[in-house]
Amino acid sequence: MTSTSRPTLRFGFPAIALLALLAAGCAGVGNDELVIGEYGSLTGNDATFGQSTKAGVEIALDELLAKKEGKIGGLKVRVVVEDDRGMAEEAATVVQKLINQDRVVAVIGEVASSRSLAAAPICQQAGVPMISPSSTNPEVTKKGDYIFRMCFLDDFQGWVMAKFTAEDLKLKRVAVLTDVKNDYSVGLAKYFTAAFQSMGGTVVLETSYSAGDADFRAALTSIKAKNPQAVIVPGYYTEAGQIARQARELGLNVPLIGGDGWESEKLIEIGGEAMNGCYYSNHWALDAPDPRLQEFLTAYREKFKGDPDAIGGLAYDAAGVLFRSLEQLATQDPQAFQGLGSSKAGTEERRQACKKLRDIIAATSGYSGATGSITLDANRDASKPAVVIEIRDGKKLFRTSIAPPTQPA
């Protein structure tokens with residue numbers, strides 16, 4: 001899949017720009033319209049994350065065009081996409097650009113927690129709702145009450161990985177290999193380790209690598225010497241595939257187990273046959289019979305001639321929740337909704353309209369999405385089950401579904 005983005009503007013953020021940000025708040029430019037920002041890693045080390053997010057939002061926008069001529073409440077919806085190149089500092093820069101220059105009414109992004117953590121305070125300060133499709137680090141939504149997410153959290157995901165390892169695979173001894181430069185990886189490793197040990201498991205070794213590394217043999221040799229029954233690799237697909245290859249080359253043939261950071265069409269392309277017999281937690285399984293999922297898959301396959309990953313599905317849901325919230329505001333309070341129009345840029349009326357939009361997003365309950373039913377809790381997080389994917393014969397197959405302890409399976 002090939003994606004393009006608008007040229008990225010890079011600039012500092014001096015005091016005068018900060019004053020402009022605070023004055024503008026949630027705003028739009030051009031003819032009266034609703035401007036929505038989207039940012040992600042269209043290029044860089046984990047480019048499929050941003051490309052999948054962009055594709056998911058495009059499907060949602062296509063639906064809006066087909067059903068409502070691309071308009072909500074009489075205002076045309078325009079999406080501005082920015083490439084953060086997979087870097088946290090760039091995520092902050094492009095979100096500043098979306099708010100200051102494009103003056104968006106809301107922001108969709110990011111996938112990587114470290115980049116969401118860099119951008120969230122900017123959106124919070126400006127009063128611009130930000131919906132992360134798939135950042136799972138618990139700290140993301142703690143950045144403020146304008147920050148939302150469509151996915152489960154890493155404390156739950158770590159527990160899911162531990163429960164599956166201990167109860168389904170019935171393993172007792174594991175090693176943990178963490179990306180120390182990645183907030184997501186460090187947090188997920190912590191949550192897995194605590195949960196696994198509470199279930200009677202033993203972590204025989206905790207070792208690490210850094211994003212961008214290409215040679216993992218020293219760490220894998222140390223792991224092999226401890227004779228674990230599995231290796232937990234809570235990182236991204238780029239390194240996971242390489243780690244699997246090098247592990248097999250060293251004769252370390254135990255399962256590798258990861259989280260949703262493995263979710264990419266590139267995972268098996270990178271890891272090849274070495275990925276067989278590995279598992280990871282995820283947000284969906286493509287063969288699930290859910291009609292909303294199948295509807296999305298049909299539209300996606302027709303447009304992009306291939307299967308989406310869960311990142312694309314979560315982005316589609318993020319855009320869907322935002323569009324529905326805008327429609328609800330247009331119906332419930334038409335006058336306030338008109339305050340979101342680009343002609344109201346920089347006004348107190350615009351800021352108050354954004355506050356009402358924020359309130360409606362926060363009240364999301366029972367939204368039927370491609371990744372399941374979405375209800376946001378008091379912390380603006382989605383509470384939903386996780387699935388475990390098994391890689392067998394070069395295919396990603398549904399293995400099991402694990403619900404939060406307070407939800408039915």
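The values are calculated or read from the model by the stated rules, or taken from the named source; none is laboratory data. This structure is a prediction, so every number in the text was calculated from the model and none was measured. A quick note on method: Cβ atoms are made from the backbone with ideal geometry, for glycine too, and the neighbour counts reach across all protein chains shown. To get the accessible areas, we keep the full protein, side chains included, count just its heavy atoms, and leave off ligands, DNA and RNA. Shrake-Rupley method; radii C 1.70, N 1.55, O 1.52, S 1.80 Å.
For this structure, a couple of remarks:
- With a requirement of 3 or more residues that are at pLDDT 95 or above and open to solvent by less than 10 Å² (accessible area, probe 1.4 Å), the helices (runs of 4 or more DSSP H) lying completely within region 275-352 that satisfy it span 291-304, 310-332.
- Failed item in (1) of a type outside the set (G, A, S); (2) in a loop (DSSP other than H, G, I, E, B); (3) buried (at least 23 other Cβ atoms within 10 Å of the Cβ), with E239 passing the rest: (2)
- Check on Y367, buried (at least 19 other Cβ atoms within 10 Å of the Cβ), aromatic (F, W, Y) and closer than 22 Å to F152 by Cβ: no
- All conditions in (1) open to solvent by 50 Å² or more (accessible area, probe 1.4 Å); (2) more than 12 Å from D46 (Cβ to Cβ); (3) not aliphatic (A, V, I, L, M) hold for K266, with the sole exception of (2).
- The combined condition, being farther than 25 Å from V104 by Cβ and in contact with a strand residue (DSSP E or B) (Cβ under 9 Å, 6 or more places away or on another chain), is not fulfilled by D307.
- Annotation: V174 fulfils all but one of (1) crowded, with 20+ Cβ neighbours inside 10 Å; (2) under 30 Å from G366 (Cα atoms); the unmet one is (2).
- Qualifying residue in region 218-226 (condition: surrounded by fewer than 23 Cβ atoms within 10 Å (Cβ to Cβ), free of Cβ contacts under 8 Å to residues at least 24 places away in the same chain and either within 20 Å of A47 (Cβ to Cβ) or of a type in the set (A, V, I, L, M, F, W, C) (or both)): yes
- Scoring K76 on the criteria (1) open to solvent by less than 20 Å² (accessible area, probe 1.4 Å); (2) in contact (Cβ under 8 Å) with a residue 12 or more places away in the chain; (3) touching a strand residue (DSSP E or B) at 6+ places or on another chain (Cβ under 9 Å) leaves a single failure, condition (1).
- In summary, A88 fulfils each of the numbered conditions (1) open to solvent by 10 Å² or more (accessible area, probe 1.4 Å); (2) more than 15 Å from the chain's Cα centre (by Cα); (3) without any contact (Cβ under 8 Å) to a residue 60 or more places away in the chain with the single exception of condition (2).
- Contact annotation: no residue pair with Cβ atoms under 7 Å, 6 or more positions apart or on different chains, pairs a residue in region 307-336 that is on the phi > 0 side of the Ramachandran plot with a partner that is open to solvent by less than 10 Å² (accessible area, probe 1.4 Å) and modelled with pLDDT under 95.
- Residue ID - farthest from the chain's Cα centre (by Cα), chosen from residues in region 323-363 that are over 21 Å from L61 (Cβ atoms) and among the small types (G, A, S): S343
- Of the numbered criteria (1) at negative phi; (2) open to solvent by 60 Å² or more (accessible area, probe 1.4 Å), the one D393 fails is (1).
- Subset of region 91-128 (residues that are open to solvent by 10 Å² or more (accessible area, probe 1.4 Å) and small (G, A, S)): A92, S114, A118
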